[in-house]
Amino acid sequence: MGAVRLRRTADRANTVVSDLAARVDGRAVDVSTRAAQTIAVAVRLLRIPTAVIGALSIPFIVATLVLGAIAGGAVGVVILIAGIAMAIVNALFWARRGRVLAAVDDPAQLATELGIMLTMTGRVDEARGALTQIAGRGGWRVMGRLRGLWTGTQLTGKWIDDIGDLPRAKYFGPPKIGTTVSITFAALWLVPISIVVALFAAIGTLAGTL
């Protein structure tokens, strides 16, 4: 049953993409192509920095979990809960990073899907103008600019549902773009937080063994 459901979902997605792709005008194609190239370059440039961000907190998360297991008792439980919570945030970051990187591995397909997104908004000129700004500005703040692109745009529930059928572009439109930015900020804050938590975990474990 699971395989049948997945196949039906894939067939529906292909149908939606094909139907909407036929409605994309030439100007939207041009803007989407340039935007896709900008997004792809920016995401690839961030491959190593994001890996560093994700990796920095790992030793402290592991240390927290180990110290929690050693401490035992109520203190150990609290430490373990903190370690597990940090591990979940870190895992979410790595998972989203992998999906975003996969989304830009074919810029041509991404461009097609971005063009479809513009058509789906129902406010093509406004969305196209915003995407043009993205296309003309590379750099490190592309994700934040993409989130800003959709701010204030009136998007229906159906639009949100339909964008889920776009396997690449959905990561650069709402609601996933907002989630991506939030997860990234959480991963950044996780680095100093994990250091502090590991330090307190060490103090708590040491105090419990004295």
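Quick notes on this structure:
- Residue check, Ile81 at pLDDT 95 or above, surrounded by 19 or more Cβ atoms within 10 Å (Cβ to Cβ) and part of a helix (DSSP H, G or I): no
- Considering the stretch 15-64, the residues that are small (Gly, Ala, Ser), in contact with a helix residue (DSSP H, G or I) (Cβ under 8 Å, 6 or more places away or on another chain) and surrounded by fewer than 16 Cβ atoms within 10 Å (Cβ to Cβ) include one that is modelled with the lowest pLDDT, namely Ala21.
- Scan of the stretch 36-64 for residues that are of a type in the set (Ser, Thr, Tyr) and assigned to a helix (DSSP H, G or I), ordered by number: Thr38, Thr50, Thr64
- Condition check for Gly83: small (Gly, Ala, Ser) and either in contact with a His (Cβ under 6 Å, 6 or more places away or on another chain) or under 11 Å from Val197 (Cα atoms) (or both): yes
- For the stretch 184-210, the set of residues classified as aliphatic (A, V, I, L, M) and surrounded by 20 or more Cβ atoms within 10 Å (Cβ to Cβ) consists of Ala187, Leu190, Val197, Ala198, Ala201, listed by residue number.
The values are calculated or read from the model by the stated rules, or taken from the named source; none is laboratory data. Note that this is a predicted model, so its numbers are computed, not measured. Positions of Cβ are generated from backbone atoms using ideal geometry, with glycine treated the same way; all protein chains shown enter the neighbour counts.
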